[in-house]
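The values are calculated or read from the model by the stated rules, or taken from the named source; none is laboratory data. Just so you know, these numbers come straight off a predicted model, no measurement behind them. Methodologically, a virtual Cβ is constructed for each residue, glycine included, from the backbone with ideal geometry; neighbour enumeration extends over all protein chains shown. Keep in mind that these areas ignore ligands, DNA and RNA; they rest on the heavy atoms of the full protein, side chains included. Shrake-Rupley method; radii C 1.70, N 1.55, O 1.52, S 1.80 Å.
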Amino acid sequence: MPAPYEAARAPISIECKADGMSGDAGNDPILKITDLTKSFGPVKALRGVDFELRRGEIHAIAGENGAGKSTLMNIIDGIHRPDAGTILLDGKPVNITSPAMAQQLGIGFVHQEIALCPDVSVAENIFMSGTNTTRSMLMDYTTLERKAGEILGQLGDIDPSVLVRTLSISQQQLVEIAKALTLDCRVLILDEPTAALTEREAQILFGIMRNLAARGISIIYISHRMVEIFDNCDRVTVLRDGQYITTRNVAETTPGEVVSAMVGRVIDNLYPPKQGEAERSGEIILDIRNLSERSRFRDISFQLRRGEILGLAGLIGAGRSEIVRGICKLEGEVTGEVSLRGRKLELAHYGDSIGEGIVYLSEDRKGDGLFLDMSIAANVSALSVEQVASGAGIIDERREKQQAESLGAQLNLKCAHVGQPVSALSGGNQQKVAIAKMLSVNPKVIFLDEPTRGVDVGAKAEIHRSLRNLARDGVGIVVISSELPELIGVCDRVLVVREGSISGEVAGDEMTEDRIMYLASIGEERAGVMRAEQA
Amino acid sequence: MTVTTTPAGKERGIQEGPMGAVRRLLRMRETGLILIILALFIAMSFASPYFLTWNNLRAMAMAFAVEGIVVVGMTILLISGGIDLSVGSVTALAMVIAGLLFLNGVDPWIASGIAIAACTAIGAGMGFFVTRVGLHHFIVSLAVMVIARGLCLLGTGGRPLGLYTLPPEFKFIGQGSIGVIPVVIIIFVVVVVVFDFLLRRTTVFRKVFYTGSNEKAAAYSGIRTKKVVFLTTTLCSALCGFAGIIYMARFGSAQPTFGIGMELNVIAAAVIGGASLSGGSGTIFGAILGTVLLSVVSSSLALLDVSVYWQDIIRGSILLTAVTIDHYLSKRRG
């Protein structure tokens with residue numbers, strides 16, 4: 001078999017040597033970048049950035065959206081060419097002109113966005129670049145699948161012969177990582193690889209990262225999550241507004257310091273204060289009883305009180321999103337009772353739900369949340385254009401514009417004007433538009449599915465604050481998040497969903513990551529049994 | 001700059017400064033098209049003394065006016081994310097149905113009404129296959145294009161139906177003038193102005209944009225997207241029926257082979273005018289300018305004695321050029 005498959009075998013034999021991360025990472029750099037500058041038209045994306053990657057280290061890059069992380073990575077991967085500055089690989093200056101060349105130089109890049117061929121098998125996707133370079137014209141599917149199976153074996157339980165289309169997003173992400181592992185790379189760039197992974201899958205990935213580092217592979221790790229950076233990385237470099245700010249040993253700094261460096265000011269409190277004592281016994285806004293759906297969830301009952309922010313935790317695939325989409329009549333054949341302020345609702349489709357003031361913020365803002373090529377104003381009014389129109393259905397453009405402006409101001413949306421297309425905004429501001437869209441109908445209950453995914457620290461704090469303000473004003477808020485610190489920081493109470501039913505509820509001091517993970521992966525009944533056995 | 005600093009109630013574009021508004025106008029597709037059309041007019045007025053005569057202008061306007069009605073329907077359908085290849089044969093079918101009924105003694109106005117209703121039903125049928133069965137617009141309308149053409153030939157035996165006894169008040173809609181302006185052009189202008197307004201300003205048609213821009217996001221905004229696509233598909237065929245009747249009144253006959261290749265012209269006009277084949281964008285005004293451009297080019301080439309065969313090649317090249325330029329401009333913007 002030709003070379004690419006041999007390379008593929010390499011990472012497999014390193015299972016045992018866990019946690020070799022810090023040890024001998026302090027020698028000469030494999031990659032040294034000096035004074036890198038890059039402009040896109042008038043926008044200066046990078047202004048004299050320095051970066052140094054040592055052999056066998058896991059090096060985090062932190063920065064808000066727009067700080068220049070992606071531009072820097074794209075230059076290392078040969079997608080963009082720098083205007084000025086030098087890149088030394090192994091001490092030799094290189095001019096990387098294409099991703100293919102970057103691969104030849106031993107630079108692997110796992111992009112945040114999944115770029116697999118959905119109608120082709122997992123094995124073929126993994127070896128896509130390999131199949132390009134084999135000398136044989138014929139595909140050897142048996143070998144291909146066996147090799148793919150070997151690599152996937154260490155990542156998770158994925159059958160190499162199935163079509164990528166049938167996999168969940170998190171499984172697809174793992175396939176992307178497997179694909180990068182087959183390349184014989186010396187530098188591996190991971191761009192927010194855990195955004196779509198469950199906690200457990202993420203832990204497996206971190207184990208693999210440490211193994212790779214122990215074998216001398218250098219990893220550049222991009223993430224918004226401080227916990228991940230501090231648990232798994234050796235050093236962290238912070239960029240802000242296209243400028244290099246600092247590089248620190250993780251052991252010698254704190255998450256607070258890194259966040260301050262990222263935003264350029266001290267964020268003393270990442271999360272807004274929680275509900276007051278008086279709000280704890282507010283009236284019941286939403287009452288869900290015995291909600292079931294044929295295959296996805298069963299017997300879901302919970303209540304949402306005025307003034308509280310309720311969290312829904314659970315592993316990916318546990319049914320969290322399905323439950324709230326079921327309540328809103330967005331999907332599924334749902335049975336059970338939904339009452340709003342004591343009145344039982346009969347909803348036929350999502351339009352009715354919006355009419356009652358129950359709205360859903362989708363987890364995939366680009367895929368199904370926003371109209372990217374349309375204006376901010378048109379996006380904000382999408383839930384109910386009738387609201388900014390006369391009785392005869394003629395849209396009043398001034399009212400539409402004012403609506404977008406006032407909601408935008410409420411959420412601290414940053415844009416040139418509300419006629420701008422949404423695609424021109426940063427991730428955080430796009431998310432604010434998506435939230436403004438929900439608020440345009442004066443909702444009574446908002447379900448937010450992963451409201452801060454891919455949103456930078458500053459915008460994230462603003463969104464959290466807005467949610468708390470809405471809760472104060474009497475809007476019922478339900479937040480789904482895979483990021484446990486977010487749920488714990490923002491919510492007053494968290495329901496944990498496991499395999500389609502509620503496995504437990506935590507509030508107050510009980511809200512810890514351990515407790516939630518325990519409920520999410522093992523569940524209350526089993527937990528009770530285990531406690532009984534121990535006794 | 002945050003939205004909070006924007007003074008409320010001012011005109012669109014003002015917050016970018018007065019120069020910004022001008023720049024935005026210049027960036028608009030419509031401005032570019034108008035400039036190109038004007039340049040063609042100026043060049044042609046030198047090249048041919050006949051070009052700028054009233055008769056020639058009138059003939060050009062007559063040529064694109066009726067097709068322009070079909071362009072309106074196609075543009076709306078494209079915005080919703082659909083496409084219709086059957087416009088040419090459905091237009092011809094309207095003529096044939098109305099013509100046959102008239103020859104069998106039905107009042108021409110009633111016959112026209114029935115023909116338009118039949119075309120609307122065809123559109124509804126296509127809408128059904130697309131939204132309920134889940135087939136692609138392209139395939140459904142390809143099939144209907146062939147079926148409708150077959151029906152035309154079947155109904156007429158392949159020969160044009162001469163409708164010599166059409167009453168003059170019926171022929172008036174196709175051949176008459178009010179003052180110096182042909183009725184056809186008045187109808188065309190009314191259709192364009194009405195639909196341009198509806199598309200830009202009404203809630204119903206706004207949902208067409210939402211659906212075409214991102215169908216899933218539209219569904220997640222409580223919009224019944226299938227209903228929207230069903231309506232735009234039906235509307236396009238209904239407008240084809242309407243256009244067919246005007247053609248019949250204009251020609252005084254029903255021609256079963258009329259409109260072959262019309263779909264290409266119509267789609268090209270809409271796309272040159274800024275409609276996107278992937279849905280979500282387009283304007284009636286732009287699409288009509290696209291129609292005018294193609295028509296002026298055809299007429300110019302005819303006046304310059306360029307072979308008919310060359311005309312197709314040139315029209316195709318214009319389409320490719322327009323779309324390429326647009327692709328680069330939108331890449332620069334993005």
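If you take the charge dipole of chain A about its Cα centre, with +1 on Lys and Arg Cβ and -1 on Asp and Glu Cβ, which of A:SER121, A:ILE177, A:GLY500 is farthest toward its positive end?
A:ILE177
Once you have a ≥ b ≥ c as the square roots of the Cα gyration tensor eigenvalues for segment A:432-529, tell me rounded if a/c is under 1.5, and otherwise prolate or oblate according to whether a/b is larger than b/c.
Verdict is prolate for segment A:432-529.
What residues qualify as long-range amide H neighbours of A:GLY48, i.e. H under 5 Å apart, gap of 5 or more or another chain, H built at 1.01 Å from N?
Close amide H contacts, sequence-distant or interchain: A:LEU36, A:THR37, A:LYS38.
Round to the nearest 0.05 the FRET efficiency obtained for A:ASP157 and B:MET28 when R0 = 60 Å and r is the Cβ-Cβ distance.
Efficiency at R0 = 60 Å is approximately 0.65.
Under 13 Å from the Cβ of A:ILE446, count the other residues' Cβ atoms, weight Lys and Arg +1, Asp and Glu -1, and hand me the total.
-1
Can you work out the Karplus-derived ³J(HN,Hα) for every residue in segment B:146-154? Use 6.51 cos²θ - 1.76 cosθ + 1.60 with θ = phi - 60°, whole Hz, and x for glycine or proline.
Per-residue couplings from phi come out as 6, 4, 5, 5, x, 4, 4, 5, 4 Hz.
In Å², nearest 100, what accessible area do chains A and B bury in total when the solvent probe is 1.4 Å?
3100 Å²
Kindly give the semi-axes, whole Å and largest first, of the ellipsoid equivalent to segment A:231-322, taking each as the square root of 5 times a Cα gyration tensor eigenvalue.
41, 21, 11
So if R0 is 45 Å, what FRET efficiency would B:VAL194 and A:ASP364 give, r being the distance between their Cβ atoms, rounded to the nearest 0.05?
Result of the calculation: an efficiency of 0.75.
If amide H atoms are built 1.01 Å from N in the plane of the peptide, which residues on other chains or at least 5 residues away come under 5 Å of the amide H of A:GLY311?
A:VAL479, A:ASP492, A:ARG493, A:VAL494, A:LEU495
So if I average 1/r over every pair of distinct C-alpha atoms in chain A and take the inverse, what Kirkwood radius in Å does that give?
So the Kirkwood estimate lands at 25.1 Å.
Taking the convex hull of the alpha carbon atoms in segment B:54-333, what volume per residue do you get, in Å³?
141 Å³
Pick from B:MET62, B:MET248, B:MET28: which is most flexible by mean-square fluctuation in a GNM of chain B where alpha carbon atoms under 10 Å apart are linked?
It is B:MET28.
Stretched out fully, how many nm does the piece from A:TYR141 to A:LYS414 gain, at 0.36 nm a residue minus the Cα gap?
Contour length minus Cα-Cα distance gives 93.1 nm.
Which of the peptides B:216-226, B:303-313, B:44-54, B:29-39 is most tightly packed, and how do the rest follow, judged by the mean count of other Cβ atoms within 10 Å per residue?
Packing proxy ranking, top to bottom: B:216-226, B:29-39, B:44-54, B:303-313.
Given a Förster distance of 56 Å, report the FRET efficiency between A:ARG280 and B:ASP312 from their Cβ-Cβ distance, rounded to the nearest 0.05.
0.15
Only four residue types carry charge here, +1 at the Cβ of Lys and Arg and -1 at the Cβ of Asp and Glu. Report the dipole size of segment B:54-333 about the Cα centre in Debye, rounded to the nearest 20.
820 debye
Taking a virtual spin label 7 Å from the Cα of A:ASP90 along the C-beta vector, which residues in segment A:191-230 bring their backbone nitrogen under 18 Å of it?
It comes to A:215-219, nothing else.
Using a cut-off of 13 Å between beta-carbons, work out the net charge of the residues near A:ALA45 (Lys and Arg +1, Asp and Glu -1, A:ALA45 not included).
Counting the neighbours of A:ALA45, the net charge comes to +4.
Please compute the average number of Cβ atoms from other chains found within 10 Å of each residue's Cβ in peptide A:375-385.
Per-residue shielding by partner chains comes out at 4.
So what's the convex hull volume per residue for the Cα atoms of segment A:467-506, in Å³?
Each residue corresponds to 76 Å³ of Cα convex hull volume.
Which ³J(HN,Hα) values, rounded to whole Hz and listed in residue order, are derived for segment B:284-291 from phi using the Karplus coefficients 6.51, -1.76 and 1.60 in 6.51 cos²θ - 1.76 cosθ + 1.60 with θ = phi - 60°, glycine and proline given as x?
Computed from phi, the couplings for segment B:284-291 are 5, 4, x, 4, 5, 4, x, 4 Hz.
What is the local net charge at B:ALA61, summed over the other residues whose Cβ is closer than 15 Å to its Cβ (Lys, Arg +1; Asp, Glu -1)?
+1
If you find the alpha carbon centre of segment A:172-211 and of segment A:61-102, how far apart are they in angstrom?
20 Å
What share of all Cα pairs of segment A:387-441, in percent, falls into each consecutive 10 Å distance bin?
25, 52, 20, 3
Considering Cα pairs under 8 angstrom that are at least six residues apart, work out the relative contact order of chain A and quote it in whole percent.
15 percent
What is the gain in length, in nm to one decimal, between B:VAL323 and B:LEU153 on full extension, counting 0.36 nm per residue of separation less the C-alpha to C-alpha distance?
Stretched fully, the B:VAL323-B:LEU153 segment lengthens by 57.7 nm.
Using DSSP, restrict attention to beta bridges with both residues in the protein assembly as shown and report what percent are antiparallel, rounded to the nearest 5.
60 percent
Can you compute the modelled spin-label distance between A:ASP299 and B:LEU142, with each label point 7 Å from Cα toward Cβ, in nm?
5.3 nm
Given segment B:154-269, what whole percent of its Cα pairs are spread farther than 17 Å?
The answer is 69 percent, as a whole percent.
Quote the charge dipole size of chain A about the Cα centre in Debye, to the nearest 20; the model charges only the Cβ of Lys and Arg (+1) and of Asp and Glu (-1).
Dipole magnitude for chain A comes out near 820 debye.
Would you kindly derive the ³J(HN,Hα) couplings of segment A:215-230 from the backbone phi angles with the Karplus curve 6.51 cos²θ - 1.76 cosθ + 1.60 (θ = phi - 60°), listing them in order in whole Hz, with x for Gly and Pro?
Those phi angles translate into 7, x, 7, 9, 10, 9, 10, 9, 7, 8, 8, 4, 4, 5, 4, 6 Hz.
Largest first, what is the accessible-area ranking of A:GLU176, A:GLU333 with a 1.4 Å probe?
A:GLU333, A:GLU176
Ignoring ligands, DNA and RNA, what percent of the accessible area of segment A:318-458 is carbon or sulfur (1.4 Å)?
Within segment A:318-458, the accessible surface is 44 percent carbon and sulfur.
Could you work out the relative contact order of chain B? I mean the mean sequence separation of Cα pairs under 8 Å and 6+ apart, divided by the number of residues, in percent.
Contact order relative to length: 31 percent.
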